[in-house]
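Okay, structure first, notes after.
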Amino acid sequence: MKNEVKNEVKNICCLGAGYVGGPSMAIIAEKCLEIKVTVVDLSEERIKKWNDENIENLPVYEPGLGEIISKRRNKNLFFSTDIKSAIKSADMIFIAVNTPTKNEGFGAGFASDLTWIESSARQIEEYAEGHTIVIEKSTVPVKTASIIQTLLDSKKNISVNAKNKTFTVLSSPEFLAEGSAINDLRFPDRILLGGDDEFAIKALKDIYKKWIPEEKILVTNLWSSELSKLVANSFLAQRISSINSISALCEVTGAKINEISQSIGSDKRIGNKFLKPGPGFGGSCFQKDILNLVYLCRYYGLDEVANYWEQIINLNNWQRKRISKLIVEKLLNTVNLKKIVILGFSYKPNTNDTRESAAIYICKDLIDNGAKLLIHDPQTTPSQIEKDLCRKQSLNIDEEINGCWTHTNDINLASFKSDAIVILTEWDAYKNLDWITLTNLMRKPSWIFDTRSIIELHQIEKADVNYWGIGK
Ligand code: NAD
Ligand code: UGA
């Protein structure tokens with residue numbers, strides 16, 4: 001039954017059981033035992049995985065998540081495809097659905113595709129009863145709350161049933177990073193609440209106050225909250241493109257990127273986070289959110305501002321390509337039929353997410369140039385790699401006469417007669433490999449390409465191998 005007190009929340013529903021919906025609702029369920037939290041999704045397969053008895057089969061790999069799911073699932077945390085019932089009984093609904101970059105039509109390649117935001121709003125309008133607080137958790141373009149409100153109010157004048165429904169829309173974007181989601185959700189730097197309905201703000205604030213100090217809960221207007229999310233991601237990505245650009249300059253001048261990061265990061269005004277060079281940032285959000293910011297700036301006629309932010313993406317694309325090219329160059333200008341071991345495919349460690357991973361782009365380039373790749377990753381499945389590379393796995397790469405790839409669980413076996421090992425993700429498992437043994441197995445001249453700077457020189461100084469480290 002739906003709760004009738006306007007700002008007392010007993011039932012929460014979350015639309016979208018993805019990387020945000022699953023973990024963020026698990027934390028609410030963990031911290032608010034008196035609230036029933038139901039996470040729903042259109043995908044039966046995803047919900048089935050969330051309900052799998054074997055916690056190893058959850059659709060999202062996130063350290064610490066399995067433990068919370070085991071404790072709260074089917075107590076006050078539920079995963080379901082029954083969207084109608086969950087919306088009907090909810091006092092508060094979080095929208096945590098996907099908002100990818102548009103592929104086609106106006107704004108293609110830049111604007112956010114709001115198809116799933118719109119379908120969420122329509123579902124809520126149809127099934128909700130009484131008063132419902134609707135919260136944007138997805139990352140959305142500024143002003144999306146007004147689109148949601150329009151959809152929620154769309155039948156007010158034509159249907160008696162709709163007259164009895166009222167809605168407040170708030171913005172509360174999510175700032176978790178994958179791989180550290182549980183810690184980020186338990187101890188966030190801040191929570192943002194955007195809106196002007198004081199009852200709704202209080203209701204949401206009361207939930208967060210259960211575990212987050214009040215001074216960390218910032219209340220803003222709707223548009224500041226929506227835009228802050230795009231700006232936060234753009235600033236973070238900007239730092240990565242900045243340090244990556246300098247990594248290239250270090251390589252030609254003899255300066256060392258790690259020393260630069262340390263020296264500039266010691267300045268409190270700059271700070272030491274997000275100054276690690278790499279093969280280019282990945283993940284489902286940085287690129288799409290910057291593209292969205294660029295689109296918004298152009299839409300409002302601010303072309304110089306748009307061009308400024310777009311440069312972050314250009315630099316990121318360039319960094320990935322730069323690495324593919326230098327691997328080919330160092331391997332005597334051809335990788336045709338050469339065996340190359342790839343260590344890491346996810347876009348960062350501690351996640352099974354590969355969306356926009358630099359590994360996808362670099363592997364595709366190497367395969368297009370004829371290389372035979374042996375790909376290792378502690379969490380990414382062969383079927384995911386197959387989807388990302390748009391190529392089937394070869395079961396016997398020795399017999400292939402074109403560029404190809406295969407998945408491997410055994411780094412030693414993969415290294416046998418290989419020409420190069422390329423580290424693309426800094427998983428802990430790669431930090432203390434026995435490089436002497438591995439490099440002895442390789443065909444000479446052999447190369448290690450360390451795009452994440454995880455190897456310390458003493459680990460390989462006695463190995464018979466050429467080493468390229470980013471920014472060194
Ligand atoms: P995701 O693709 O993993 O999950 C989204 C889910 O929503 C999918 O399972 C999809 O089936 C479901 N869905 C779509 N429309 C639906 C509907 N009408 N009803 C019910 N379910 C529906 O996406 P994600 O990574 O969780 O990201 C969700 C949003 O959060 C995006 O806007 C993203 O930018 C933002 N975000 C993501 C992260 C992250 O680390 N992944 C962090 C902060 C913010
Ligand atoms: C990022 C933000 O950090 C989150 O605050 C935000 O909520 C999220 O996007 C989102 O909106 O989806 P995430 O993409 O999960 O989180 O991971 P990050 O740790 O930010 O890393 C993103 C990419 O940047 C990775 O490919 C990582 O390897 C790369 N990176 C990060 C670097 O190359 N160098 C660094 O110093 C830091």
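Annotations for the structure displayed:
- Residue within segment 301-311 that is within 27 Å of Trp468 (Cβ to Cβ) and within 24 Å of the chain's Cα centre (by Cα) present: yes
- Within segment 271-312, the set of residues being among the aliphatic types (A, V, I, L, M) and closer than 23 Å to Ser261 by Cβ comprises Leu275, Ile290, Ile312.
- Just one of the listed residues (Leu275, Leu331) is of a type in the set (A, V, I, L, M, F, W, C), outside the structural domain of Gly403 (by TED's automatic domain parsing) and more than 20 Å from Asp388 (Cα to Cα), and it is Leu275.
- When segment 342-373 is filtered for residues that are touching a strand residue (DSSP E or B) at 6+ places or on another chain (Cβ under 7 Å) and surrounded by fewer than 23 Cβ atoms within 10 Å (Cβ to Cβ), only Ile367 remains.
- Residue that is more than 22 Å from the chain's Cα centre (by Cα), touching a residue at least 40 places away in the same chain (Cβ under 8 Å) and more than 10 Å from ligand 1 (Cβ to nearest atom), where the choices are Ile35, Ile27, Ile68: Ile35
- Strands (runs of 3 or more DSSP E) wholly inside segment 160-220 containing at least 1 residues that are touching a Leu at 6+ places or on another chain (Cβ under 8 Å) and within 13 Å of ligand 1 (Cβ to nearest atom): 166-171, 191-194
- Residue list for segment 227-242, restricted to those being within 16 Å of ligand 1 (Cβ to nearest atom), free of Cβ contacts under 8 Å to residues at least 60 places away in the same chain and not hydroxyl-bearing (Ser, Thr, Tyr): Ala232, Phe235, Leu236
- The sole residue among Ile135, Ile147 that is under 30 Å from Lys49 (Cβ atoms), aliphatic (A, V, I, L, M), within 26 Å of the chain's Cα centre (by Cα) and at pLDDT 95 or above is Ile135.
- Selection count where residues are of a type in the set (Lys, Arg) and at pLDDT below 95, scope segment 1-60: 2
- Candidates in segment 243-280 are the residues that are among the aliphatic types (A, V, I, L, M) and either assigned to a helix (DSSP H, G or I) or within 16 Å of ligand 1 (Cβ to nearest atom) (or both); of these, the one that is nearest to Ile454 (Cα to Cα) is Ile257.
- In summary, helices (runs of 4 or more DSSP H) completely within segment 1-94 and bearing 1 or more residues that are aromatic (Phe, Trp, Tyr) occur at 44-50.
Residue-by-condition table, conditions (1) modelled with pLDDT of 95 or more; (2) away from ligand 1 (no atom under 16 Å from the Cβ); (3) loosely packed, with under 15 Cβ neighbours inside 10 Å:
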| residue | (1), (2), (3) |
| --- | --- |
| Gly282 | yes, no, no |
| Gln287 | yes, no, no |
| Ile290 | yes, no, no |
| Leu293 | yes, no, no |
| Leu296 | yes, no, no |
| Leu302 | yes, yes, yes |
| Ile312 | yes, yes, no |
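The values are calculated or read from the model by the stated rules, or taken from the named source; none is laboratory data. Here the structure is a predicted model, which is why all the values come from computation and not from measurement. We place every Cβ from the backbone using ideal geometry, glycine too, and count neighbours over all the protein chains shown.
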